[in-house]
1. List the lysines whose Cα lies under 29 Å from the Cα of residue A:449, skipping any in the same chain that are fewer than 8 positions away.
2. List A:450, A:341, B:76 from most exposed to least, where exposure is judged by having the fewest other Cβ atoms within 10 Å.
3. With angles folded into 0 to 90 degrees, how steeply does helix B:168-181 sit against the dominant principal axis of chain B? Use alpha carbons for both and round to 10.
4. What ranking do A:374, A:482, B:112, A:517 get, fewest neighbouring Cβ atoms within 10 angstrom at the top?
5. Rounded to the nearest 500 deg cm²/dmol, what is the calculated helix-only ellipticity per residue at 222 nm for chain B, with -39500 (n - 2.57) per DSSP H run of length n ≥ 4?
6. Kirkwood Rh over Cα pairs of the protein assembly as shown into Stokes-Einstein at 4 °C, 1.567 mPa s: D in µm²/s?
7. How big is the antiparallel share of DSSP beta bridges in region B:108-258, given as a percent to the nearest 5?
8. Could you give me the radius of gyration and the Dmax of region B:23-108, taking only the C-alpha atoms into account and expressing both in angstrom?
Amino acid sequence: MNGSSRAISRTPRPRREAVRVGGRNRAGLALGAVMGAASLLAARPGLGDGAASQWWAPGEDRPLPAYIEYVNASGRIGIVNAAGPVDTTGHPFFEPRGSNGRACVSCHQPADGMSLAVSSIVQRWADTAGSDPIFAAIDGANCPDLPAGDPDSHSLLLERGLFRIPLPWPPVDAEGRQIRPDFTLEVVRDPTGCNTHPVYGIDGERREVSVYRRPRPAANLRYVSSSRFGVTPFIGKTGMLAAVDPETGRPVNMNMMADAREPTLKTQAQSAARGHLESPAPLSPRELEQIHALELDLYAAQAFSNQGGALNEPGGPSGLGPEALAVGRDGVLGNNTTQFVIPMEDRWADLPEGGDAALRERNAFRESVQRGHDVFFFRTFWISDAMHINTVGLGNPIKRTCSTCHGMHMTGMDTANGWMDVGTTNHPFALEPAESPWAEELPELPLFKVSCRADLPPHPFLGREIYTQDPGRALISGKCEDVGAIVIQQFRGLAARAPYFSNGSAASLRELVDFYDRRFNIRYTEQEKTDLVNFLSVL
Amino acid sequence: MRAGLLLALGPALAAAAPPAGERLSFVSCPIIRDTRTVPCWLSDYEGDRYYLTIQSDVSAAVQPPMLGHQVLVEGVVADAPLICGGIVLEPVRLSVMPERDANCSTMLPADDRFTIDFNPRPPGPSAGRLAFAPDPAAPPPAPAPAPRGPQTVELYFDFDRGVSFRHPAELGEILRLAVQIGATRLKITGVRGAHRLSDGTLLREAPAAGRRRAEEVAGLLAGAGLELPAEVEWADGEQEADGIDDWRSRRVTVELTP
């Protein structure tokens with residue numbers, strides 16, 4: 001076991017001595033500053049071997065304990081491994097599989113809530129001079145044939161934590177049959193050069209579309225993959241065929257990836273091994289079982305808040321901390337006052353005002369978290385023009401709350417088939433640098449023009465001509481109505497894995513909240529925004 | 001839905017409202033009016049304002065329309081007090097028109113004259129069940145007898161639209177019925193809908209609507225494992241358009257034969 005990452009008994013957990021790299025990169029950070037930023041991080045007091053040791057390199061052969069915590073800027077994240085300690089030697093999640101030296105753990109780091117924070121990526125670049133397997137050309141570069149070792153070639157990964165996702169165009173179904181899409185796709189802007197590339201471009205030899213997305217957490221997947229709610233042979237939001245588990249033939253919840261392209265944890269692992277890991281051979285059935293079992297046993301959530309203290313202490317809110325996830329029920333709709341999305345039982349409302357300054361400060365923060373929960377759960381606003389929420393019989397607009405869409409008990413995902421378009425990738429809502437003579441930043445992501453067939457109904461909110469950075473689910477379904485629709489991500493371990501949204505466009509939780517505030521004209525007060533950020537930071 | 005709705009009556013908007021029992025069929029912009037609780041949906045037609053429905057949840061029999069689109073309204077004027085300032089249509093059938101219409105953008109602010117005291121679902125989280133779900137304290141319904149012999153299921157569609165969020169349960173029911181009766185044959189007929197509006201206009205769906213629906217339903221059932229010899233047909237529903245429940249012409253009929 002690594003000296004700075006030790007198994008800790010269930011409760012209470014003493015603070016670890018290891019120090020986490022707490023800095024984050026901002027979208028738009030000048031590339032020339034990447035190395036400098038990393039150097040600054042490394043030079044901060046308390047960093048050194050301990051910081052580097054939080055990184056799990058493939059094939060390290062250290063055991064994964066039953067419980068482990070890692071420091072982040074907001075406190076500490078806890079990882080529960082419900083099956084108990086796992087010997088990672090030879091384990092397919094931890095061992096490099098393919099030609100580029102990556103393992104699953106490369107992009108699903110325990111310290112980053114089993115995802116990958118951009119701060120870790122920057123640190124890794126500094127520690128390895130860009131030679132870590134995560135920077136492999138296949139998808140760790142903006143396009144595979146860009147010069148290795150040049151931060152410009154990896155700008156989307158270094159600045160926004162985005163990996164290239166090459167997808168076939170036109171799309172193909174689960175049997176590999178080509179789908180006739182409801183729209184044509186045109187590259188309007190190609191800052192990475194990959195979508196107009198003679199090999200990798202849409203019209204290139206491989207006929208691929210390159211989109212750029214964040215890796216999702218490989219934790220709490222019992223919830224993410226649950227089929228206990230709303231899973232039928234037909235997708236609840238569209239009536240189309242649900243994807244099926246190739247092993248059982250049963251429909252699945254299609255809630256796992258940004259575009260729901262892989263139906264199960266096993267098919268995702270197999271696809272990732274062949275793609276991200278460049279494995280020459282498929283994973284064996286036994287290896288798939290090992291990965292599947294591990295992923296269902298891992299739970300990640302913030303366990304300690306620097307300002308709010310222990311998040312899992314007896315008598316505290318029952319929905320906080322990773323242990324709560326380990327024992328919680330999956331497949332439960334929490335958008336109601338009998339289950340709640342994140343149960344808090346008002347336990348941090350109206351806390352005592354007495355005590356020393358530290359206690360008063362802690363309690364003030366906890367009350368802010370409670371208010372943030374209430375903003376999330378009860379504060380209404382008008383949700384408008386959001387595909388797959390305003391189109392499912394509720395009307396457009398609807399006066400509802402955050403938890404209307406983020407309704408899954410314990411995770412804040414949608415309960416099933418959870419892709420929606422709230423504007424994170426589609427014009428005019430997507431966060432992009434303004435085009436103006438005064439703008440210093442330039443757009444970093446590709447821009448596609450989607451032209452929907454004239455003989456079919458238009459997209460109900462965007463019409464027949466749509467501009468998007470990432471067509472999302474539509475690249476799989478071929479449906480115009482799915483353009484820009486992205487599967488809702490889980491809310492847990494957020495403090496460990498900035499930036500946010502599938503395209504990494506929100507560098508911080510505050511930017512995430514600000515996006516929604518602008519998008520839906522919510523007009524949150526400053527206090528509401530602070531409270532909401534504090535709430536999200538302890539999940 | 002309206003049973004139990006209490007309201008403070010606003011001023012009547014029309015001097016001569018249509019008589020109770022009159023059927024109306026029109027295409028117009030929807031209007032949303034906020035209230036202290038959930039918003040209500042209205043629409044204007046020939047100088048009168050009609051109440052369509054309120055926001056609740058997916059269990060509602062009448063689901064709200066969308067701003068940004070016109071709505072096809074088919075309803076019967078009810079002998080009932082105004083709701084949210086609108087003449088009540090009961091029953092009413094709504095279909096969002098597929099093309100966008102930027103003129104349909106009217107949001108009215110909350111106005112204390114218009115309140116909804118019966119609230120099947122607050123605007124925030126529910127109290128634990130859908131607004132129109134059966135009362136959990138009520139005795140469970142008697143189990144339906146096992147289906148026997150040929151079965152017919154009709155699926156209804158929004159104007160010019162295909163399969164949508166309205167259909168997963170019905171498609172699933174077809175799969176169940178097919179198993180229960182041991183179906184050996186399947187006939188699917190898609191109909192292009194037509195509507196006789198109150199002003200006499202004949203409103204027709206796109207020419208390919210019936211065929212598109214039939215083929216879509218056939219493909220979905222086959223994809224879900226209903227591998228039966230299927231007869232797929234389509235028809236024009238124009239002759240059905242008489243201004244009375246013309247929404248029924250926007251349909252697919254699925255016939256299962258043992």
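Where a number appears in this text, it was derived from the coordinates with a stated rule and is not lab data. Source: prediction; values computed, not measured. Cβ coordinates were reconstructed from backbone atoms using ideal geometry, including for glycine residues, and neighbour counts include every protein chain displayed.
1. List returned: A:237, A:479.
2. B:76, A:450, A:341
3. It works out to around 30 degrees.
4. B:112, A:517, A:374, A:482
5. -3500 deg cm²/dmol
6. Value of D from the Cα-based Kirkwood radius: 46 µm²/s.
7. Given both bridge residues lie in region B:108-258, the antiparallel proportion sits at roughly 70 percent.
8. In Å, with Rg to one decimal and Dmax whole: 11.8, 33.
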